[in-house]
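Q: Just passing along the structure, written as structure tokens.
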Amino acid sequence: MNNYTQLAANIVSGSLTGLSLSGEESHFIKKYQPIGLTLFARNIDTENLDQVKNLNQSIQSLAKSSHSPFLVKIDQEGGRVRRVKKNFPDAGPAFGALRSKGGKGDAFASMEQYGYEVGKALVELG
């Protein structure tokens, strides 16, 4: 592995092809230690959310302890863009929620509360 490959791995985030890590994906993560991955609909079994926890545990087990935290992100914006559809907070698109509130303070307080709810739900997903 040359310095450029390692540098790119430290700033590039990738994605997976399916519901579990393939051998090739596991090898890549072990070898190059990318900064993280983004989960999309193809990576989430909405009928079995334990699958997401198991996938995250598999991913995290490959990250070296000397590496900065391995980021597992999810494409979950709310509204139409929802990868987890059941038992997950959804206030709709964030801009719409901000725009519909009366005063700025109320809007930001609502978004902050929604952020906490989403964060808690993500922790529960592992």
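Q: For Ile74, enumerate residues with amide H under 5 Å from its amide H, sequence gap 5+ or separate chain, H modeled in the peptide plane.
A: Result for Ile74 returns Leu39.
Q: Can you give me the long-range amide H partners of Ser15? Hydrogens built in the peptide plane at 1.01 Å from N, cutoff under 5 Å, separation of 5 or more residues or another chain.
A: Amide H neighbours of Ser15, under 5 Å, 5+ apart: Thr38.
Q: Once you've got the Cα coordinates, tell me which of Lys53/Lys85; Lys85/Lys120; Lys31/Lys85; Lys73/Lys120; Lys30/Lys86 are over 26 Å apart.
A: Correct reply: Lys31/Lys85; Lys30/Lys86.
Q: The stretch 29-87: which trypsin sites (Lys or Arg not before Pro) are DSSP loop and have at most 13 other beta-carbon atoms within 10 angstrom?
A: Hits after loop and neighbour filter: Lys64, Arg80, Lys85, Lys86.
Read-outs throughout are calculated quantities, based only on the coordinates presented, and are distinct from any laboratory measurement. None of these values were measured; they are calculated from a predicted model. Neighbour counts are summed over all protein chains in view; Cβ atoms, including those assigned to glycine, are modelled from backbone coordinates with ideal geometry.
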